[in-house]
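One structure below.
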Amino acid sequence: MDNGEIVIDVANLTKTYQLYEKPVDRVKELFSLTHKKYARNYSALSDVSFQVHRGETLGIIGKNGAGKSTLLKMLTGVTTPTSGEIRMEGAVSALLELGTGFNPEYNGYENIYLNGSMRGYSRSEMAVKVSEIETFADIGDYIAQPIKTYSSGMLARLAFAVMVCFKPEILIVDEALSVGDVFFQQKCNTYMKEQMQGVTKLLVTHDMNSIANMADRVILLDRGRIIQEGKPLEVIQNYLKIMHTEVFAQDHENVEKQEADAKECSREERVEQTKGYVSSGSAWIVVEKSGVGGAGDALITGCRLTVNGETADVVKPGDAVEMYARIQAKKNIENIIIGYIFKDKYGNSIVGENTLGSDISLEGIEKGKEYIYKISILWPEVKEGDYFVTLGVGEGTDQMVHTIQCWAHNIIHVEALALVPMHGIVNNRIRSVERFCTVTG
């Protein structure tokens, strides 16, 4: 990446729309003798400025309605800005919406030639391109069929193949690839990362793993404004924290009840129960009794998870993950066991352990008291994706045979990032390789 050459320069970009409550209000405003205004202004983008250098990959993230698509449409000339300036140096290819630039009545071959002629390629030059595009798209005999018969996945394959095979200097990709199958998405990401290193790329996606692995820098948009710009993992973590604020929001009624219950203990007891726990002011997730299973003599009533000391739900290998469980004792339990399991979105258990298996002995708990337990682990190298935390409390001294007092299933969600390509669910690195030479004859 050449930091000295700026190929995209956006300065004070603003886009304002006029919104009417009813279609007839447009006509009323047009013919109003008093010049009454029926519209209200809506700012889809407000004073956005950034620069992108040649060969740099910029990720643009934000929740729905943040202004991402509006920004890309202005960069590609689909929409004109209300104010501000855009300067772009180089040939631009954009994949914003499936089917854009394609004639649904034409077949795949005809649409490839159509796109080539629009870019100024001769028919002889296109003959070479067709074979390359056909191989990359890999949609078989469908390439000879009208694209109106294509599935969204096949259309995404053809659209991306056409876009990258014409060797753009600036590549802009919106969410269009998300409709393709996971193997084609991986193929596209690998191609952009390895074969298009000199191409300036703007990527908009909700796939945080793609952003983390491909982007050099990330911009976070919220309500039409840039609220953060920086290293991918830092911005992604802040974005996911914003996105899941509601998950971590505290139910005020339950908070008041928990605080009232806590006051029943003496100050010394509360200090002892919370020893080693430092609250960052973030809310706990309330675990309802109806959502747990087990004997019920020790109940998990609340939980939270921190990553590197902060409430978050995005993790990467090596992060310090701490799981907190608030437990109410309904009877005296001498041999208490605390454990966890991380499951994937299909319900498969990926990693888990309990205090017995880790050879950790815990003091017993007393009936009528409430305790907070903190489980600390380092996040392992697992395949990127969504994982769900199950916390458990048990009673006994045998790893295989003990009483499950409480299981709180899938109560916390985390999204795992993989910093290196993964060939399975868990990355078990090769420790060494030795070579032996055998002599024959």
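Summary of values
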{"quantity": "Which listed residue, of Ser124, Ser152, Ser117, is hydroxyl-bearing (Ser, Thr, Tyr) and touching a Lys or Arg at 6+ places or on another chain (Cβ under 9 Å)", "calculated": "Ser117"}
{"quantity": "Per-region count, the stretch 357-405, residues closer than 27 Å to Met422 by Cα and charged (D, E, K, R)", "calculated": "4"}
{"quantity": "Count of the stretch 207-230 residues which are outside any strand (DSSP E or B) and either of a type in the set (S, T, N, Q) or under 19 Å from Cys188 (Cα atoms) (or both)", "calculated": "10"}
{"quantity": "Yes/no for Gly392 being at negative phi, modelled with pLDDT of 90 or more and in the same structural domain as Ile285 (by TED's automatic domain parsing)", "calculated": "yes"}
{"quantity": "Residues satisfying the stated conditions in the stretch 50-76, i.e. of a type in the set (A, V, I, L, M, F, W, C), farther than 21 Å from Asn213 by Cβ and within 22 Å of the chain's Cα centre (by Cα)", "calculated": "Ala66, Leu71"}
{"quantity": "Residue check, Gly424 surrounded by fewer than 17 Cβ atoms within 10 Å (Cβ to Cβ) and at pLDDT 90 or above", "calculated": "no"}
{"quantity": "First in the stretch 61-86 and crowded, with 20+ Cβ neighbours inside 10 Å, second anywhere and of a type in the set (Phe, Trp, Tyr) and assigned to a helix (DSSP H, G or I), Cβ under 9 Å, 6 or more apart", "calculated": "Ile61/Tyr239; Gly62/Tyr239"}
{"quantity": "Of residues in the stretch 18-49 being surrounded by 14 or more Cβ atoms within 10 Å (Cβ to Cβ) and within 33 Å of the chain's Cα centre (by Cα), the one nearest to Gly198 (Cα to Cα)", "calculated": "Val48"}
{"quantity": "Number of the exception - Ser358 against (1) in a strand (DSSP E or B); (2) farther than 17 Å from Gly293 by Cα; (3) hydroxyl-bearing (Ser, Thr, Tyr)", "calculated": "(1)"}
{"quantity": "Asn428 farther than 19 Å from Arg326 by Cα and within 31 Å of the chain's Cα centre (by Cα)", "calculated": "yes"}
{"quantity": "Residue count for the stretch 381-423, restricted to those that are under 13 Å from Phe342 (Cα atoms) and in contact with a Phe, Trp or Tyr (Cβ under 9 Å, 6 or more places away or on another chain)", "calculated": "15"}
{"quantity": "Those strands (runs of 3 or more DSSP E) lying entirely in the stretch 1-100 with at least 2 residues modelled with pLDDT under 90", "calculated": "2-19, 40-54, 92-95"}
{"quantity": "Leading residue by the ranking (nearest to Asp398 (Cα to Cα)) among those in the stretch 331-351 that are surrounded by fewer than 15 Cβ atoms within 10 Å (Cβ to Cβ) and not polar (S, T, N, Q)", "calculated": "Glu334"}
{"quantity": "Residue in the stretch 287-312 that is surrounded by the fewest Cβ atoms within 10 Å (Cβ to Cβ), counting only those that are part of a strand (DSSP E or B) and touching a Cys at 6+ places or on another chain (Cβ under 9 Å)", "calculated": "Gly293"}
{"quantity": "Per-region count, the stretch 361-387, residues farther than 23 Å from Met400 by Cα and either part of a loop (DSSP other than H, G, I, E, B) or of a type in the set (A, V, I, L, M) (or both)", "calculated": "12"}
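Per-residue answers, yes or no, for (1) in contact (Cβ under 8 Å) with a residue 12 or more places away in the chain; (2) outside the structural domain of Gly224 (by TED's automatic domain parsing); (3) loosely packed, with under 15 Cβ neighbours inside 10 Å:
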residue	(1), (2), (3)
Ala127	no, no, yes
Ser131	no, no, yes
Thr135	no, no, yes
Ala144	yes, no, yes
Ser151	no, no, yes
Ala159	yes, no, no
Glu175	yes, no, no
Gln186	no, no, yes
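The values are calculated or read from the model by the stated rules, or taken from the named source; none is laboratory data. Since we're looking at a predicted model, the values are computed, not measured. Every residue, glycine as well, gets a Cβ built from its backbone with ideal geometry; the counts of neighbours run over all protein chains shown.
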